[in-house]
Amino acid sequence: MKNKALYIIILILLFVAVYLFNSHQPKTFQWEPTYSAHDRNPFGTYVFEELLKKSWKNPYTHSYKTIRRLEYEGSLTNQNILLLSNYLDVGNDELDNMLEYAEKGHTIFIAAGSFSHTIEKKMEFYTMYGNWWYDRMAVQRNADTLKIDRKVKLCSPVFAEKEYKFPKMILSCYFDSIPENSRVLAVNDSLQPIAISCPVGKGNMIFCCSPMIFTNYGILSEDAEFIWGLLSYLEGAPLLRTEFYETGSDESQSPFRYLLKEPPLRWALYITLLTILIFMIFTAKRKQRVIPVIKDPENHLLKFIRSLSTLYLRKSDNNDILQKKYTLFGEQLQRKYGIDIINKPHDQELFERIAQKTGHPTNEIKSLFKNFEVIDSDFNLSDKMLIESVIKMDKILKS
């Protein structure tokens, strides 16, 4: 009982210590872009995901599977597709599958910070990358770096050449060369393309090299109209967003990965593991019970025989005792030597045969069988004759 009380006290003290430690810690953000729909940090897409669910006019779905697998399962039903990724690297087969799907009259919108050589060669464009890495390190040292803006604008006449401002670090990339048949959808303040549309069959492949504008930080800015302007090219059809090309898995992130990413949940996991460890230490002592003394099993058969023997001795019916011993003696001779004394006449031939098998003198065998004659007679057998007869029978059987 004392150990349990100590265990509870230690657990309470741990919770209090963690609470006091976290309550005095400044709020920190993770500036690593994840594009995860569950990430509430600046470069997650939690806000973007919630807005799409509530404001998209047509049905909106979210997935963690490849386009090929979605087509194989029959989950793609005339849907436009949205991909957000930090670095998009797909093989030729997967890229061909995307193009085949777009050729049917669908639009695939791909926003990635960088593209693999396979994609750039196939689509005939080339991307220039700015100092995004150094900008991100600067943000980690000083969040005021995000205040350095850069202007962008949509090329559609619907938006009347309106300019929008976003932090410089999330607009550091642009397309240096684009296909001849492509159309520029958006440019930066240096008139460098940051979003292009490439016709593929009846559909389109839209590429954007500034995916961070779709994150929580970008969608909550005053110029979020720019984002919805880009997404307007996906309107008129159901929309599906897949995170496979960022997470690298066709399933959602594991619970532990999410728990370790969120500080409160991470501390809760650590406390739980520490609690289990303390519990194991306190209960590691072996709880040994008293080892019982195991007695030898009693031979109840011998006890039963003694009881019967006592009963017969008290009756003093020696003839009956000799009768039962004679019957047992006959069964043992039959089993051991094949000699039947119960149903065969007690003649000289039988005596000689028993003598030959057992090695005892014929006269001794004959004398023993003479004692058997008093079993059915009125003669009362004495104790001495009974004991002698029993001893002779046992002696013959032991030979």
Counting just the residues of region 343-359 that are surrounded by fewer than 17 Cβ atoms within 10 Å (Cβ to Cβ) and touching a residue at least 24 places away in the same chain (Cβ under 8 Å), which one comes out farthest from Lys325 (Cα to Cα)?
Gly359
For residues that are part of a loop (DSSP other than H, G, I, E, B), acidic (Asp, Glu) and open to solvent by 40 Å² or more (accessible area, probe 1.4 Å), scanning just region 235-266, find the one that is modelled with the lowest pLDDT.
Asp250
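Residues of region 331-388 being among the aromatic types (Phe, Trp, Tyr) and modelled with pLDDT of 80 or more, which ones? I'd like the intermediate steps shown before the answer.
First pass over region 331-388, keeping only residues among the aromatic types (Phe, Trp, Tyr): 337, 351, 369, 372, 379.
Hits for region 331-388 are Tyr337, Phe351, Phe369.
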Would you mind telling me which numbered condition in (1) polar (S, T, N, Q); (2) outside any helix (DSSP H, G or I); (3) modelled with pLDDT under 90 Thr127 fails?
(3)
Take the conditions over 30 Å from Lys384 (Cβ atoms) and at pLDDT 75 or above and apply them to Pro297. Does it pass?
yes
Selection from region 43-86 of residues that are free of Cβ contacts under 8 Å to residues at least 12 places away in the same chain and assigned to a helix (DSSP H, G or I):
Glu50, Lys53, Lys54, Ser55, Tyr72, Glu73
Only one of Ser221, Ser190, Ser197 is part of a strand (DSSP E or B) and of a type outside the set (Asp, Glu), namely Ser197
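Tell me which residues, restricted to region 57-109, are among the β-branched types (Val, Ile, Thr) and under 16 Å from Ser232 (Cα atoms). Break it down into steps so the answer makes sense when it comes.
Filtering region 57-109 for residues among the β-branched types (Val, Ile, Thr) gives 61, 66-67, 77, 81, 90, 107-108.
The answer is Ile81, Thr107, Ile108.
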Selection over region 363-384 where residues are surrounded by 15 or more Cβ atoms within 10 Å (Cβ to Cβ) and either in a helix (DSSP H, G or I) or polar (S, T, N, Q) (or both) yields a count of 7
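The values are calculated or read from the model by the stated rules, or taken from the named source; none is laboratory data. A quick note: this is a predicted structure, and the numbers were derived from the prediction, not measured. In this analysis, Cβ positions are derived from the backbone assuming ideal geometry, glycine residues included, and neighbour counts consider all displayed protein chains. Protein only, heavy atoms only, side chains kept; ligands, DNA and RNA dropped before computing areas. Shrake-Rupley method; radii C 1.70, N 1.55, O 1.52, S 1.80 Å.
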